[in-house]
Amino acid sequence: MKIGDIIKFKRIEQGISQEELAQGICTNSYLSRIENNHVTPDEEIYRLLLGKLGADYDEVIYSSIEMEKDLDDWYAHLTKKTPLKKELSHYLNLESQLNQGLVIKYKIIYSRYLLTIEKYNQAKEILDDVYQVLPSLNNYEKFIFINTYVVCFTILNKNEDAIQIFEEYTQDHNINYGTKEEHGNLYYNIALCYRRIRSYKACIDYAKRALNEYSDQYHLNRMVQTLVLLGIAYNNIYEWDKSIKYYKQALHIVEQLNIFSDYEKIMIYNDLGYCSECQNQYYDAIHYYQSSLKIEPNNFNILSNLARTYYKIGDFKEAKVYLNKANQVMESTKVNDSYIISNNLLNCLLFIDYKDMDEIFTTLNSNFPHIVKNRIYELIIFYSKEFGAILEKHKFYKKSNELYKYAFDAYANLLKGGEKNNV
C-alpha cells in the first residue's frame, strides 16, 4: 500500500474534498497525482497532508509497511506453504488494525485462508463483494484477487465462471505480477477447468503455459500434475503419442525422486492403462492397470477399468471377477457417480443373458443419459456401440441407430478437442 493510496482512502473516509485537503499545501492537480502515485513529493508534503487528515507520517509509514509485510507473509504461507512468522491468531485479527487501504487486500487473503479450511461459500461471499470494487484495486491486488477467485470457482466446480473471470481480467491485464509459481497455478487451474468442460485444446494451451512457469522454478510436484493433465488432454483428442510422452515424463520424475507418495504412481499407471485401452492395446492396458492395482488393491476406479478391459477382449470371467470386486468396494466407499453409472451399464452387458429387454431398456434409460449430460465421450462411444449392437440384434433398429449416432457425434467431438457438444 503506497502513501498516495493511504492519503486518498483517509480523505474519502473523512469526507474531505481534494480542494479542501490541498489548500495551503499544494495544487489540486498535484494532490490528484500524489493520490494516484504518479509523483513522489517531498516528505514534508506527505507530512502536511497526513497531518491535516489527523495522521502521523512516521506512524503511518511504520504501520503500513509492517502490516503489509504481515499480509504478504500470510499470503505466501497460504500459496507457497512457507512457515508463518507469527501466530495464526495475529493474522486473523489484523483487519481491525488496518488502515482502509489495506482492508481489501486483507479480505482477499482471508478468503484464501477460508478456502484452505473448506469454508468455500463464506470465501465466495467475501470475494463476490470484493469483485464489486475490483477497478479500485492496484494491479497486484487485482492479480491476487483473480488468482483466489479462480481457485474458489475451481473448488466449487464452477468451471465456466472461473474461465469467464480469467478472460475478463486478461483482456485488460498481462500476467506479469506475482511469482512464476503463482502464474503457473493460475494457468493450471484454468487448464483444469477447460478439461472439466472437455475443451481439451484450450486445456493443452494453458497446461503448457503452466508447465513453462513450473519448469523455470523446478516445482516438481506441480510439474508432475501438469504433465499428467497434458497426458489426459492429448489422450482425449486421440493424440496418443503425445499423451504417452507426457505420462512417461511424469512417471520418470516420480520414479527418480523419493519425494512423491504412492498416489502419483497409481494415477500415472492408471492413466497409461487408459491411454492404451483407448488405442485398443488391451493387454498393455491390463499391464498398467495391474501395476496400479498392486499399489492399491481396493481402488474402485482401477477395478472398474480392468473389468471393462477384460470385457473388451472377451474374457468375461475375469471381467466379472473385477466388476464384483469393484461393487464390493463401492458398498463401503464413496464413489463418483460417473463410475457407478459405468458399472451399472457394464454389469448389464456382462449379465445380458440373464436379462430381458425390459431390464436392458430400464438400465440403459436410467444410466446412459448421465454420461451424455456430462459429455463423457469415451464411455458414450463404448456403451453406444455395445448396446446399439444388442438392440440391433433384437430388431430395435430406431433405438439402435440413435445410439450409433451418439457414438458418431462423441467421436467427432473428441477429434475437435471437445469444443462442441452435439451429443
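For Arg222, the requirement of being of a type in the set (Lys, Arg) and part of a loop (DSSP other than H, G, I, E, B) is not met.
Among the residues in segment 248-271, are any outside any loop (DSSP other than H, G, I, E, B), touching a residue at least 40 places away in the same chain (Cβ under 8 Å) and among the hydrophobic types (A, V, I, L, M, F, W, C)? The answer is yes, given that some residue of segment 248-271 is outside any loop (DSSP other than H, G, I, E, B), touching a residue at least 40 places away in the same chain (Cβ under 8 Å) and among the hydrophobic types (A, V, I, L, M, F, W, C).
The residues on offer are Asn258, Asn299, and the sole one that is within 20 Å of Asn344 (Cβ to Cβ), under 29 Å from the mean Cα position of the chain (by Cα) and either among the hydrophobic types (A, V, I, L, M, F, W, C) or surrounded by fewer than 23 Cβ atoms within 10 Å (Cβ to Cβ) (or both) is Asn299. Filtered by the rule that a residue be touching a residue at least 24 places away in the same chain (Cβ under 8 Å), within 19 Å of Glu20 (Cβ to Cβ) and surrounded by 13 or more Cβ atoms within 10 Å (Cβ to Cβ), segment 32-47 gives Ile34, Glu35, Tyr46.
If I ask for residues that are aliphatic (A, V, I, L, M), assigned to a helix (DSSP H, G or I) and under 13 Å from the mean Cα position of the chain (by Cα), which ones from segment 181-217 would you list?
Within segment 181-217, Leu186, Ile190, Ala191, Leu192, Ala207, Ala210 meet the criteria.
Within segment 196-213, the set of residues being of a type in the set (S, T, N, Q) and under 14 Å from Lys180 (Cβ atoms) comprises just one member, Asn212. Just name the residue that is farthest from Asn235 (Cα to Cα) out of those in segment 246-277 that are in contact with a helix residue (DSSP H, G or I) (Cβ under 7 Å, 6 or more places away or on another chain) and polar (S, T, N, Q). Out of the qualifying residues, it is Gln249.
Quick note: the coordinates plus some simple rules give every number you see, no bench work behind them. If you're wondering where the values come from, they're calculated on a predicted model, not measured in any experiment. Every residue, glycine among them, receives a Cβ derived from its backbone with ideal geometry; neighbour counts consider all protein chains shown.
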